[in-house]
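A short write-up of the structure that comes next.
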Amino acid sequence: MHLITRIKLLCRKYFWSNEKYARFMGVKIGNNCSIGTLNFGTEPYLIEIGNRTQITYGVTFYTHGGAWAFREKYPDFDFFGKIKIGNNIYIGNHAIILPGITIEDNVIVGAMAVVTKSVPSGVIVGGNPARIIGKVEDYEKKVLPYNVDSKRLSSDEKKKFLLSLDDVHFLKKSYLK
């Protein structure tokens, strides 16, 4: 690759927003998304992201894999899988999405999950390999009582507000059994 082309690409990667860079690389992205990663692999044009989806820091998409193991026998061997992410999705930090995955609508993917199979609508998945660990509607019922309506506060306002609250306003996890 020509030096000037490489410099331009690096400038785009580090000075453009993640969403603008992903679009430039060919990722199809819907409306009202939050893109916190640049890890769209070597075939970003095989990835489609729906509307109102948040892809957090360190999420990695793979559209290929494993062909190297067969190249001695088949020198030109390659295979790919498109990735389709639906609407109203949250993908937690450092999750990995493998080739050929479809994540349907209204899904939460836990941090560090390794998604090896497609995910149906309305569920929460987590783990390695990712498995269904709950339903989004049940999670909503569980966390709604802890809503403190702080989303539109500045960082300083949020800090002051959260530090002023009693412990009853914060989510608590039960012990492992």
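The values are calculated or read from the model by the stated rules, or taken from the named source; none is laboratory data. All figures in this text were calculated on a predicted structure; none of them were measured in a lab. Here Cβ is always computed from backbone atoms with ideal geometry, including for glycine, and neighbour counts include all displayed protein chains.
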Of the numbered conditions (1) assigned to a loop (DSSP other than H, G, I, E, B); (2) over 21 Å from Pro129 (Cβ atoms), Thr37 fails exactly one; give the number of that condition. (2)
I'd like the full set of residues that are at negative phi and part of a loop (DSSP other than H, G, I, E, B), limited to the range 93-102. Asn93, Ala95, Leu98, Pro99, Ile101
Identify, from the list Leu153, Leu176, Leu163, the residue that is in a loop (DSSP other than H, G, I, E, B) and more than 23 Å from Ile35 (Cα to Cα). Leu176
I want to confirm something. Restricting to the range 37-76 and keeping residues that are small (Gly, Ala, Ser) and modelled with pLDDT under 95, which single residue is farthest from Ser118 (Cα to Cα)? Ala69
List pairs: first in the range 137-154 and farther than 19 Å from Asn88 by Cα, second loosely packed, with under 10 Cβ neighbours inside 10 Å and modelled with pLDDT of 95 or more, Cβ under 6 Å, 6+ apart or cross-chain? none
Name every residue in the range 49-98 that is within 14 Å of Ile29 (Cα to Cα) and either in contact with a Cys (Cβ under 6 Å, 6 or more places away or on another chain) or among the β-branched types (Val, Ile, Thr) (or both), in order of residue number. Ile49, Thr53, Ile55, Ile83, Ile85, Ile89
Could you tell me whether any residue of the range 115-129 is part of a loop (DSSP other than H, G, I, E, B) and either of a type in the set (A, V, I, L, M, F, W, C) or in contact (Cβ under 8 Å) with a residue 40 or more places away in the chain (or both)? no
Among the residues of the range 7-23, which ones are surrounded by fewer than 10 Cβ atoms within 10 Å (Cβ to Cβ) and part of a helix (DSSP H, G or I)? Tyr14, Phe15
Before we move on, is Asp105 among the acidic types (Asp, Glu), surrounded by 17 or more Cβ atoms within 10 Å (Cβ to Cβ) and assigned to a loop (DSSP other than H, G, I, E, B)? yes
Kindly indicate whether Lys142 is loosely packed, with under 12 Cβ neighbours inside 10 Å and either under 21 Å from Glu19 (Cα atoms) or more than 12 Å from the chain's Cα centre (by Cα) (or both). yes
